[in-house]
Amino acid sequence: MSKRSGILEFAILGLLRESPMHGYELRKRLNTSLGVFRAFSYGSLYPCLKTLLTQGWLTEETAPDSDPLTTPLSGRRAKIVYRLTASGKEHFEELLAHSGPDAWEDEHFAARFAFFGQTSKDVRMRVLEGRRSRLEERLERMSASLARTRERLDDYTLELQRHGMESVEREVRWLNELIETERAGRTDRPGAERDDDNNQENGGRPGERGTA
């Protein structure tokens with residue numbers, strides 16, 4: 001399985017852990033909520049959904065047009081709603097616990113970060129620190145390369161190289177801030193304290209969130 005397919009599986013499982021969805025809603029959430037998937041098409045989504053169904057991590061249900069989980073697309077054809085199974089939830093939690101080098105790469109890190117609210121603090125720290133280390137290594141290579149080739153570059157190519165380095169430096173500063181916030185005791189989910197207050201006012205349990 002390709003790395004990109006693995007990232008897509010992870011994202012689908014994470015979104016369905018929040019609530020069941022039909023294919024159109026999944027694609028919309030992938031495009032709007034997770035920037036790494038902005039260019040995704042149905043051609044990529046449905047083979048992945050089929051694989052997850054075969055693995056037993058999802059089930060599919062036929063929902064009537066009146067089902068609030070669906071959005072009418074065309075005609076009155078029933079929509080297929082995808083729901084996370086118990087084994088799918090367990091598999092996603094195993095993926096969340098992973099903090100190896102692939103979690104630090106550009107595309108995978110973006111997807112992992114989108115689900116940090118469901119990730120334990122120790123794993124968040126390992127991923128953030130790993131990502132920072134990876135970018136610091138990248139900065140060293142870029143700086144060394146620029147020092148070797150500076151005299152041979154025209155002004156525009158040189159500016160492009162500097163722009164790339166500045167972008168990496170900004171992300172390193174951002175990661176430093178996140179790491180310091182985590183060390184200072186960030187709550188397990190951003191906004192959790194505010195949500196807990198609202199839940200208590202509405203009679204709900206503190207920290208409660210919907211799961212499949």
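Each value in this text was obtained by applying a stated rule to the coordinates, not by laboratory testing. Owing to the predicted nature of the structure, the values given are computational and were not obtained by experimental measurement. In this analysis, Cβ positions are derived from the backbone assuming ideal geometry, glycine residues included, and neighbour counts consider all displayed protein chains.
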Notebook entry, point to check: How would you rank 15-27, 113-125, highest first, on the average number of other Cβ atoms within 10 Å across their residues?
Noted result: 15-27, 113-125
Margin query: Tell me the volume per residue, in Å³, of the convex hull enclosing the alpha carbons of the stretch 92-183.
Written below: 92
Check: Peptides 96-106, 134-144, 150-160: what's the order by average Cβ count within 10 Å, highest mean first?
Finding: 96-106, 134-144, 150-160
